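What follows is one structure encoded as structure tokens, with my remarks underneath.
The values are calculated or read from the model by the stated rules, or taken from the named source; none is laboratory data. Values in this document were obtained by computation on a predicted structure and should not be read as measured data. We place every Cβ from the backbone using ideal geometry, glycine too, and count neighbours over all the protein chains shown.
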Amino acid sequence: MSTSAPHSLRILENPLELALRAEDLESANSDPPFSLAMKSSSSRRSDDFPFSSRRIPALHFTTGDHKDYHLTTDTVDRVNMAGLVRVIDYVERVARLVDR
């Protein structure tokens, strides 16, 4: 299970111009809101690293990690399912802002 609080969400953003502004990410953040953390760098273990390392704009949404994150010992029981559903709903709202 993820060690992050259920109401926190880390968002990593590439320093290049994105189609979204921080205000857009906040406006999509509905009740109960996540505590958003914007970061300009990512870990080599993150899914967005191949993009951000080449300066390709990327957003990374996560409910947190754990000691086995992206290792062969990572198993499905470690997925924060309730958090995942909330993140999917949030990403849908963000995608609708991009599509405007």
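Things worth noting here:
- Screening Arg54, Arg78, Arg44 for residues that are touching a residue at least 24 places away in the same chain (Cβ under 8 Å) and basic (Lys, Arg) leaves exactly one candidate, Arg78.
- Search result, residues across region 69-91 that are part of a loop (DSSP other than H, G, I, E, B) and in contact with a Pro (Cβ under 9 Å, 6 or more places away or on another chain): Asn80
- Region 27-68: number of residues that are among the small types (Gly, Ala, Ser), in contact with an Asp or Glu (Cβ under 9 Å, 6 or more places away or on another chain), more than 16 Å from Ala95 (Cβ to Cβ) and part of a loop (DSSP other than H, G, I, E, B): 4
- Among the conditions (1) of a type outside the set (D, E, K, R); (2) modelled with pLDDT of 85 or more; (3) under 21 Å from Glu23 (Cα atoms), Phe61 misses just one, which is (2).
- Residue in region 82-95 that is surrounded by 14 or more Cβ atoms within 10 Å (Cβ to Cβ), of a type outside the set (Lys, Arg) and at pLDDT below 80 present: no
- Selection within region 9-23 - within 13 Å of Val91 (Cβ to Cβ) and either at pLDDT 70 or above or in a loop (DSSP other than H, G, I, E, B) (or both): Leu20
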